[in-house]
1. Going residue by residue through the stretch 114-125, is there one that turns out to be buried (at least 21 other Cβ atoms within 10 Å of the Cβ), near the ligand (Cβ under 9 Å from one of its atoms) and over 26 Å from Thr78 (Cα atoms)?
2. Is the stretch 75-84 home to any residue that is among the acidic types (Asp, Glu) and within 14 Å of the ligand (Cβ to nearest atom)?
3. Restricting attention to the stretch 64-111, and to residues there that are closer than 16 Å to Val324 by Cβ and among the β-branched types (Val, Ile, Thr), which single residue is surrounded by the most Cβ atoms within 10 Å (Cβ to Cβ)?
4. Out of Gly214, Gly154, report the one residue that is part of a helix (DSSP H, G or I) and within 16 Å of the ligand (Cβ to nearest atom).
5. State which residue is farthest from the ligand (Cβ to nearest atom) when the search covers only the stretch 175-193 and only residues that are in a loop (DSSP other than H, G, I, E, B) and within 21 Å of the chain's Cα centre (by Cα).
6. Can you say whether Ile209 is aliphatic (A, V, I, L, M) and without any contact (Cβ under 8 Å) to a residue 60 or more places away in the chain, as far as the supplied structure shows?
7. For Gln117, which of the numbered conditions (1) assigned to a helix (DSSP H, G or I); (2) under 19 Å from Asn277 (Cα atoms) fails to hold?
8. So which residues in the stretch 63-92 are in a strand (DSSP E or B), under 24 Å from the mean Cα position of the chain (by Cα) and not charged (D, E, K, R), if there are any at all?
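The values are calculated or read from the model by the stated rules, or taken from the named source; none is laboratory data. As the structure is a computational prediction, the values presented were derived from the model and not from experiment. So basically every Cβ, Gly included, is an ideal-geometry build from the backbone, and we count neighbours across all protein chains shown.
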Amino acid sequence: MKAIIISQPGGPEVLRMEERPTPQPADNQVLIKVYAAGINRPDVFQRKGNYPPPAWAPQDIPGLEVAGIIEQVGHQVTNWKKGDAVCALLAGGGYAQYAIAQAGHCLPVPNGFDFVQAASLPETVFTVWHNAFQRGKLIEGENFLVHGGTSGIGITAIQLAKAFGAKVFTTAGSDEKCNACLGLGADIGINYKTEDFEENLKSEGVDAILDMVGGDYIPKNIRLLREDGRLVFINTMKGSKLEGTEVDFGLIMKKRLTITGSTLRNRSDEFKTELANEILDNVWPVINSGKFKTVIAAQFPMNEASQAHALMETSDHIGKIILVNEWAS
Ligand SMILES: NC(=O)c1ccc[n+]([C@@H]2O[C@H](COP(=O)([O-])OP(=O)(O)OC[C@H]3O[C@@H](n4cnc5c(N)ncnc54)[C@H](OP(=O)(O)O)[C@@H]3O)[C@@H](O)[C@H]2O)c1
């Protein structure tokens, strides 16, 4: 099969097409003929050599999510059959003609979705459900803040938080991006380049924050949280260390705050299967009802994965960047 591989750590140009053997599914796995693969920021970190895949994942083929048709099922798979249309969360290997997924990490392509739309879902839906709802314990009527509102994660978090009855605040790097967030249902969009999000939101207060920025956002987030508030990290793009900034840990006691976070990729297959089941029960009805819009910023043929990565690194995109498999027939 054809696959896009990371030939060495580096810039987008290190992504190359190579011929590789088509993988074979183990007992609990399926082989998916990939029609579309989502790009996620962690793929960029992996390409640069800063986010090594777990030992059990494909080592040099990136790609954490795909949509396509099941081509073959392992001996113990009972819930899927050849020909089923699925989208799947992967630990890697999505930028290829065929990809292996755990059967328990596949979900049906939602009603009326094409493969491009379906491929845009798994990584962000799994991440947001776990971090905003399971860890962040977001519930109806609460105030929710997500930073990076037009990232793949952001567009998913805004829409799911609204669907579950939260008031949603978000930050983004331009007025155009803020308007896009409002279009997805956010109540307030703050251009962090021209406004201070803490000043803007301090009269409101926030119950749960999904943060991918870190750095100097950390003390601001902590000050903004209401009593029993939750701060959940999924990345710290501006740094994980508090250089030149201070956090008042007294506020954590006084307001009984919870500070937590997680990374999805290294979690066990069992954990991801349980998460997929919960998503099927709670999130898929929202998506199937038509209330959830996919936002596809750009599509590239798989062979142009390097251009797709270069676009992601500009951070100009709004929503998801998708690779379409020109080798699928
Ligand atoms: N923990 C997990 O399990 C997990 C899983 C998936 C993704 N993630 C993380 O979630 C984040 C979003 O992922 P994604 O795939 O949705 O990414 P994405 O679409 O590329 O979006 C990232 C956005 O973050 C904003 N940003 C803010 N500060 C930034 C900085 N210092 N450097 C670069 N961008 C910055 C940019 O928008 P502005 O113009 O608004 O700044 C950018 O568009 C990433 O940090 C990723 O690593 C974590």
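1. Yes, the conditions are met somewhere in the stretch 114-125.
2. Taking every residue of the stretch 75-84 in turn, none turns out to be among the acidic types (Asp, Glu) and within 14 Å of the ligand (Cβ to nearest atom).
3. So the residue we want is Val66.
4. Gly154
5. Only one residue fits best here, namely Gly185.
6. So Ile209 does not fit the description; no.
7. Condition (2) is where Gln117 drops out.
8. Scanning the stretch 63-92 gives Val66, Ala67, Gly68, Ile69, Ile70, Ala85, Val86, Cys87, Ala88, Leu89.
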